[in-house]
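> Encoded as C-alpha cells, here's the structure I'll be asking about.
The values are calculated or read from the model by the stated rules, or taken from the named source; none is laboratory data. It should be emphasised that the depicted structure is a prediction, and the values quoted were computed from it without experimental measurement. Cβ placement follows ideal geometry from the backbone for every residue including glycine, while neighbour counts extend to all protein chains displayed. Side chains are part of the model used for accessible areas, which takes the heavy atoms of the whole protein and leaves out ligands, DNA and RNA. Shrake-Rupley method; radii C 1.70, N 1.55, O 1.52, S 1.80 Å.
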Amino acid sequence: MTDQKVETVRAKWPRDYAAKITIELIMLLRPACWQIQVAGSIRRRVQLVGDIELLCIPKPDAFGDARYFERYMARLLDANVLAKRPNKRGQVSYGMKNKLLVHPASGINVDLFTTDAENWGMALVVRTGPKDFNIRMMTRFRSLGMQGHAYGGVTDAQGQEIACPDEETVFRLLGWSWIPPEERR
C-alpha cells in the first residue's frame, strides 16, 4: 500500500514537540542512511514550525544494492509510520531526491531530501533556509560567476562542479563568514 497519500494539513506546532517527533524519525531512518540531519525551521530554532525537514545520504544494503533506502521507505509507508502527501498543486511528490510525507500519528508534514556526501554542505544550507536567505545566497553565487544548486553542489564559471561536503565550504565560496542557522534570515 505504498501509494497511500493523505491530505496536506496547514498547521504550526511548537518546536519542542516537532523536535521530539524529529528525533523519533531520525532514529527510525538512521539504519538506512549514511548520514541524516534535521534542517529547516527546527534547525533554525523557530518557535512554531510548519513541518519537519530532514536531509539524508541513503546507504545501500550490505550487498551494495542502492535500492535499499527505497525499500526501507516502502516498509515505513506500508506500516503507516509515514504517508505520502500532495504538494501545493495537489500532486504527490515522492521521488529519489525529494519525498513529501506526513507523520500520521502527529499530523506533522515531513519533507525528506536526499543528497550525496560530495554535496552534503550545499544541500544542508539550502534545506535549512529560510527562503530569503537562499535567494540572497544564490544571487551572490551568480554575482561571483557561479551557480548554486538546490539539491547540492556549486558550478563554477567554467561549468566545473565544486564539491561542497560541508557548510563551511559553501560559506567560503560565497566569501561570507559562517552564519549560524538561527541567524540566517
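> Scan the range 88-126 residue by residue and report those that are in contact with a Leu (Cβ under 6 Å, 6 or more places away or on another chain) and over 14 Å from Leu29 (Cα atoms).
Ser93, Ala123, Leu124
> Here's another thing I want to ask about it. Is one or more of the residues making up the range 70-90 at pLDDT 95 or above and under 17 Å from Ala150 (Cβ atoms)?
Within the range 70-90, none of the residues are at pLDDT 95 or above and under 17 Å from Ala150 (Cβ atoms).
> Would you mind stating whether Ala79 is under 17 Å from the mean Cα position of the chain (by Cα) and on the phi < 0 side of the Ramachandran plot?
no
> For Lys97, indicate whether it is out of contact with any Asp or Glu (no Cβ under 7 Å at 6 or more places or on another chain), open to solvent by 60 Å² or more (accessible area, probe 1.4 Å) and under 15 Å from Glu53 (Cβ atoms). Talk me through it step by step, then tell me what you get.
On the way: out of contact with any Asp or Glu (no Cβ under 7 Å at 6 or more places or on another chain): yes; open to solvent by 60 Å² or more (accessible area, probe 1.4 Å): yes; under 15 Å from Glu53 (Cβ atoms): yes.
For Lys97, the condition - out of contact with any Asp or Glu (no Cβ under 7 Å at 6 or more places or on another chain), open to solvent by 60 Å² or more (accessible area, probe 1.4 Å) and under 15 Å from Glu53 (Cβ atoms) - is met.
> Return only the number of the condition from (1) out of contact with any Pro (no Cβ under 6 Å at 6 or more places or on another chain); (2) loosely packed, with under 12 Cβ neighbours inside 10 Å that Ile57 does not satisfy.
The number of the failed condition is (2).
> In this structure, is Asn119 within 16 Å of the chain's Cα centre (by Cα) and not β-branched (Val, Ile, Thr)?
So Asn119 passes the test.
Matching residues to (1) part of a strand (DSSP E or B); (2) in contact (Cβ under 8 Å) with a residue 60 or more places away in the chain; (3) in contact with a Gly (Cβ under 6 Å, 6 or more places away or on another chain):
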| site | (1), (2), (3) |
| --- | --- |
| Asp16 | no, no, no |
| Thr22 | no, no, no |
| Arg30 | no, no, no |
| Trp34 | yes, yes, no |
| Arg45 | no, yes, no |
| Leu54 | yes, no, no |
| Val81 | no, no, no |
| Arg89 | no, no, no |
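> So, one more: Report every pair of residues separated by at least 6 positions or lying on different chains whose Cβ atoms are under 7 Å apart, first residue within the range 61-75 and within 16 Å of Thr114 (Cα to Cα), second at pLDDT below 85.
These pairs meet every condition: Tyr68/Asp61; Ala74/Thr2.
> Taking into account only those residues within the range 127-143 that are under 11 Å from Arg184 (Cβ atoms), without any contact (Cβ under 8 Å) to a residue 40 or more places away in the chain and not polar (S, T, N, Q), which is surrounded by the most Cβ atoms within 10 Å (Cβ to Cβ)?
In this case the residue turns out to be Met137.
> What pairs come out if I take residues in the range 164-177 that are more than 12 Å from Glu118 (Cα to Cα) and of a type in the set (S, T, N, Q) and pair them with residues that are buried (at least 17 other Cβ atoms within 10 Å of the Cβ) and at pLDDT below 95 whose C-beta lies under 7 Å away, six or more apart or interchain?
none
> With the requirement that a residue be over 12 Å from Ala39 (Cα atoms) and not β-branched (Val, Ile, Thr), what does the range 109-119 give you?
Once the filter is applied, which keeps residues that are over 12 Å from Ala39 (Cα atoms) and not β-branched (Val, Ile, Thr), the range 109-119 yields Asn109, Asp116, Ala117, Glu118, Asn119.
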